[in-house]
1. Evaluate the following for residue B:166: is it over 20 Å from residue B:125 (Cβ atoms) and part of a helix (DSSP H, G or I)?
2. Evaluate the stretch A:10-21: report whether one residue or more is within 14 Å of chain B (Cβ to nearest Cβ) and not in a loop (DSSP other than H, G, I, E, B).
3. Can you give me the number of residues within the stretch B:47-62 that are within 11 Å of residue A:41 (Cβ to Cβ) and within 19 Å of the chain's Cα centre (by Cα)?
4. Do you know which residues across the stretch B:35-64 are more than 8 Å from every other protein chain (Cβ to nearest Cβ) and more than 30 Å from residue A:21 (Cα to Cα)?
5. Filter the stretch B:110-133 down to the residues that are part of a helix (DSSP H, G or I) and away from chain A (no Cβ under 11 Å), then identify the one that is surrounded by the fewest Cβ atoms within 10 Å (Cβ to Cβ).
6. So is residue B:157 assigned to a helix (DSSP H, G or I), at negative phi, over 23 Å from the mean Cα position of the chain (by Cα) and touching a residue at least 12 places away in the same chain (Cβ under 8 Å) or not?
7. Sort out which residues of the stretch B:65-91 are touching a residue at least 24 places away in the same chain (Cβ under 8 Å), under 18 Å from residue A:38 (Cβ atoms) and either at the interface with chain A (Cβ under 8 Å from one of its Cβ atoms) or not in a helix (DSSP H, G or I) (or both), and write them in order of number.
Amino acid sequence: MHQTIISAAGAEAANPLVPNVWEMGVVLVGFAVLFYIVVKFVVPMFEKTFAERAEAIEGGIAKAEKAQAEASAALEEYKQQLTDARAEANRIREEARGEGAQILADLKEKAAAESARITAQAHAAIQSERQAAVVALRTEVGTLATTLAGRIVGEALDNDERSARVVDRFLADLENQNAGAAK
Amino acid sequence: MIALALPAQDSGEFTPPGIEELHLPAILPWGAADGFSKQMLLVILSVVIIATFFLLAARKQQLVPGKLQFAGEMAYGFVRNGIAKDIIGSKDFMKYVPLLFSLFFFILVNNIYGAIPVIQLPSFSHVGGAYVLAAIVYVTWIAIGIKKNGLKYFKLATVPSGVPIYILPIVIPIEIISNFLVRPVTHSLRLFATMLAGHLIVMIAGSGIEFLVMQENVLLKGASVLVLAGSIAMYMLEALIMALQAYVFTLLTAIYIEGALHADSH
């Protein structure tokens with residue numbers, strides 16, 4: 001075939017598998033230049049963009065996850081605080097209730113004690129006054145009896161009129177005496 | 001094309017264009033035999049195109065990419081994740097991304113030239129470039145294998161485990177030939193041959209159309225429409241193959257590197 005083509009075209013013999021050295025050189029240098037540009041600029045630039053993009057996406061996801069975690073932590077904290085506050089309120093209410101009952105009981109006790117004290121005092125006062133009255137009465141009755149007896153003995157008791165007078169006088173004296181004592 | 005048509009008109013019968021037509025006249029005369037060829041210019045242009053595109057795309061480094069940056073990231077991510085990460089494994093693929101990335105787009109752009117009107121010439125329709133790239137890959141994966149496993153790598157690469165001893169005398173030479181001799185040749189020739197063949201088909205179709213249109217017979221003139229339709233279909237297929245070969249070359253590179261990295265588990 002090679003021969004026929006050559007004869008038909010009437011050109012010189014040329015084996016297509018034999019390379020042109022100059023062309024090989026151009027391809028080698030051209031490819032080397034391209035390879036250098038790719039290694040030095042193209043690949044690093046694309047990789048940097050890819051890395052930045054991956055970073056941006058993953059960073060965004062991480063940020064969102066962090067915010068989510070923070071929000072749920074805050075919610076948990078608020079719930080905890082709410083529970084604490086409720087417990088605190090309950091405790092304070094219970095305490096107040098207990099204290100109130102305590103105060104009431106104290107007051108009741110105090111009032112009872114006071115009334116008992118007053119009663120006892122009154123009892124004692126009555127007792128002592130009665131005692132004093134008894135004592136006073138006893139001396140007075142004695143004196144009266146003695147005076148009366150002396151009067152009776154000193155006057156003649158046979159005359160009704162006279163004895164009546166005596167008694168009247170005595171009573172009057174008694175009254176005067178009382179009035180004098182009252183004065 | 002004009003140059004192609006001339007001999008056909010002269011002889012009065014169809015002369016298909018040959019491999020000779022791939023060697024266009026040099027753009028600049030050079031001290032060397034062939035001078036500065038169109039392929040050389042296209043290779044240099046490809047480096048400028050790729051570097052400019054990706055530097056512009058990667059320059060802004062925005063977290064929410066614009067259209068250009070998104071396109072660049074898609075292209076970069078295709079090689080990075082679709083080839084390097086999937087084949088080499090997510091542990092140590094990153095070191096080889098630059099090589100695979102450069103290979104893929106260098107070959108892709110140089111192949112797609114063949115599908116662009118006016119340029120219409122895949123750089124690797126000349127075998128030299130394919131040899132260079134395959135040689136770079138060959139040296140790379142052997143170096144990785146030795147660095148990873150020491151000189152034991154050659155034993156690991158040629159003596160498959162779990163093979164009965166009496167078969168080894170047959171298997172070892174086959175492994176040596178297939179891994180160390182044939183592999184770089186197929187790696188380079190696959191790319192070169194598909195590009196050459198694709199270019200030849202487009203050229204033949206073009207010259208065939210031209211030849212038919214030049215005919216006196218109206219029916220033959222009309223038949224050129226059929227060739228045109230066929231050539232458009234072939235053109236589509238070629239465009240697919242151009243992209244596919246860039247992918248295949250890069251994928252094989254990744255597979256070779258992976259094989260060298262994990263030679264002990266193969």
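Laboratory data are not the source of any read-out in this text; all were calculated from the coordinates shown. From a predicted model like this one, the values you see are computed outputs, not experimental measurements. Every residue, glycine as well, gets a Cβ built from its backbone with ideal geometry; the counts of neighbours run over all protein chains shown.
1. Yes: the conditions hold for residue B:166.
2. There is at least one residue in the stretch A:10-21 that is within 14 Å of chain B (Cβ to nearest Cβ) and not in a loop (DSSP other than H, G, I, E, B).
3. Number of matching residues: 1.
4. B:56, B:57, B:60, B:64
5. Going through the qualifying residues, I end up with B:112.
6. yes
7. Correct list: B:76 only.
Here is a yes/no grid of residues against (1) part of a helix (DSSP H, G or I); (2) surrounded by fewer than 19 Cβ atoms within 10 Å (Cβ to Cβ); (3) at the interface with chain B (Cβ under 8 Å from one of its Cβ atoms):
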residue	(1), (2), (3)
A:26	yes, no, yes
A:29	yes, yes, no
A:33	yes, yes, yes
A:38	yes, no, yes
A:41	yes, yes, yes
A:44	yes, yes, no
A:55	yes, yes, no
A:58	yes, yes, no
A:64	yes, yes, no
